[in-house]
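Please read the structure below before turning to the comments.
The values are calculated or read from the model by the stated rules, or taken from the named source; none is laboratory data. Please read these numbers as outputs of a predicted model, since none were measured by experiment. Heads up, the Cβs are rebuilt from the backbone with ideal geometry, glycines too, and the neighbour counts pull from every protein chain shown. Just the protein is used for accessible areas: all its heavy atoms, side chains included, with ligands, DNA and RNA removed. Shrake-Rupley method; radii C 1.70, N 1.55, O 1.52, S 1.80 Å.
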Amino acid sequence: MTVQDDDRGFLYGDALFETVAVRSGRIRWLERHVARARTSGGALGYPEDTLDRMERVLRELVLQGDGLWRVTASRPGEGAPFGGGPGVVRSRRRPLPGPSAPVLTTLGGWYWPGDPLAAHKTTSWMRWSEARRRAALLGFDDALLTSEAGEVGEASAANVFVSLRGELV
């Protein structure tokens, strides 16, 4: 894959992404992934044709083979702050991971409950990349990110689910 030096995702982290697992020609929760990408794109002002291309690439992954796929859509630079290239949608595949139980630590103050971009999967990932790097330096696989008040938000590259009295939250 080649990335142009004027790509806004490369320059500013101004791109959306979805990561999906293709197993046996099927994507679990595909409609949810498409809806989240469209909702984020609409909220952040991405052009409709970019979101259409992203959706098309997501839907066609079932024809590309099993794997862990990441689809990224960079915002076109025309009319955007600081400019940039035409905007692209690209996909990248890695092997499906095997089951594992990660060894976790916590990082206080790394989860920001009021962050207005928290609901969107963007490539502005410095906070999460740094959290995972710090966890690795301490000998852990990942970190649970907590707020200053101790609220658990997420891991650096995963969501957190807890079973409370038989209910998944």
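When Lys and Arg each count +1 and Asp and Glu each count -1, what net charge do the other residues less than 14 Å away from Ala157, Cβ to Cβ, add up to? Local charge sum for Ala157: +2. Highest-first packing order for the peptide set 92-101, 4-13 is 4-13, 92-101, based on the mean count of other beta carbon atoms within 10 Å.
Would you please classify the overall shape of the stretch 1-64 from the alpha carbon gyration tensor, given that a ≥ b ≥ c denote the square roots of the eigenvalues, rounded means a/c under 1.5, and beyond that prolate means a/b larger than b/c while oblate covers the rest? Taking the square roots of the gyration eigenvalues as a ≥ b ≥ c, the stretch 1-64 is oblate. Relative to the longest principal axis of the Cα atoms of the chain, the long axis of helix 126-137 lies at roughly 40 degrees. If you roll a 1.4 angstrom probe over the protein chains with everything in place, what fraction of the accessible area of the chain belongs to carbon and sulfur, to the nearest %? The computed percentage sits at 54. Entry comment: accessible area of the stretch 46-169 is 63 Å² per residue, from protein heavy atoms only and a probe of 1.4 Å.
How far, in nm, would the chain grow between Asp66 and Ala157 when pulled straight, counting 0.36 nm per residue and subtracting the alpha carbon separation? Here the answer is 30.7 nm.
List the residues of the stretch 82-120 whose backbone N lies under 19 Å from a point placed 7 Å from the Cα of Asp52 along the Cα-to-Cβ direction. So the set is 86-90. Computed from the C-beta positions of Val169 and Asp6 and an R0 of 35 Å, the FRET efficiency is 0.25 to the nearest 0.05.
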